[in-house]
1. Once phi is turned into ³J(HN,Hα) by the Karplus curve 6.51 cos²θ - 1.76 cosθ + 1.60 with θ = phi - 60°, what whole-Hz value does each residue of region 55-65 show in order, with x for glycine and proline?
2. Convert each backbone phi in region 88-100 into a coupling constant with the Karplus relation 6.51 cos²θ - 1.76 cosθ + 1.60 (shift: θ = phi - 60°), then list the ³J(HN,Hα) values in order as whole Hz, x for Gly and Pro.
3. For region 145-188, go through all pairs of different Cα atoms, get the mean of 1/r, take its inverse, and jot down that Kirkwood value in Å.
4. Residue separation times 0.36 nm, minus the C-alpha to C-alpha distance between residue 16 and residue 59: what's the value?
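None of the figures in this text is laboratory data; all of them are computed from the coordinates on show. It should be emphasised that the depicted structure is a prediction, and the values quoted were computed from it without experimental measurement.
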Amino acid sequence: MSHPDAPGDVPLEELDDKELVRRHVAGEPGAFGELFRRHRDRLWAVALRTCGNPEDAADGLQDGMVAAYRRAGSYQGRAAVTTWLHRVVVNACLDRLRAQQVRRAEPLPDVLPVHLEEYGPRGADGPPPTDPAAEVVRGETRRAVLEALAELPLEQRAALVLVDMEGHSVAEAADILRCAVGTVKSRCSRGRARLAVLLADLLENAETPVTPPPGNPEGRRAVPPVEPRGPPTA
């Protein structure tokens with residue numbers, strides 16, 4: 001008699017995340033690939049924002065996915081699979097950055113595969129500016145935000161990326177970073193204070209105030225979002 005949950009009885013794309021993890025651990029081919037495909041873009045965004053450049057982000061994302069693939073059996077199901085994947089990727093990126101601290105002093109490349117959305121609530125859509133002068137301002141703003149983030153201690157940067165740029169609640173960020181809620185709040189507070197100094201001219205000249213995502217403390221300005229196209233396909 002076949003088990004109702006036997007591998008192959010339901011298309012992988014119709015399974016929830018936890019079932020995909022379970023089937024991957026059980027040895028079903030393609031289960032982890034479907035999980036990665038489902039969350040690929042957002043994991044890439046986290047890696048890029050944490051690392052600050054596409055080369056390290058690609059390596060960090062790869063390191064994280066290899067670790068998740070090999071250690072999926074340690075996932076106990078208490079947290080959402082997305083939380084677990086974010087944790088693995090963020091930790092992999094932070095480990096890589098700690099091992100390459102000397103590279104933080106190098107200038108960012110002139111062209112990065114990211115787009116800076118107009119100031120406004122996270123996820124707001126709108127056509128890109130066509131005025132060449134606006135494109136120059138857009139590029140300068142993008143570089144300024146990434147360079148300012150690179151000036152922060154790694155722990156503060158990771159907290160701000162998760163809370164202000166990815167829209168996670170403080171509790172979710174604490175779960176991902178495996179630290180106390182108060183620690184995340186403190187890191188965000190110190191990081192925002194430092195960014196307020198580093199980006200003072202940028203924030204003062206913004207036509208529209210930067211609005212933090214829901215769940216952040218009122219009276220704070222969120223980090224201007226830096227949106228990637230997606231991870232490298234090669």
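1. Going residue by residue, I get 5, 5, 4, 4, 5, x, 5, 5, 4, x, 5 Hz, with x marking Gly and Pro.
2. 5, 5, 4, 5, 5, 5, 5, 4, 5, 5, 4, 7, 10
3. Over region 145-188, the inverse of the mean reciprocal pair distance is 10.2 Å.
4. Net length gain for the segment: 12.8 nm.
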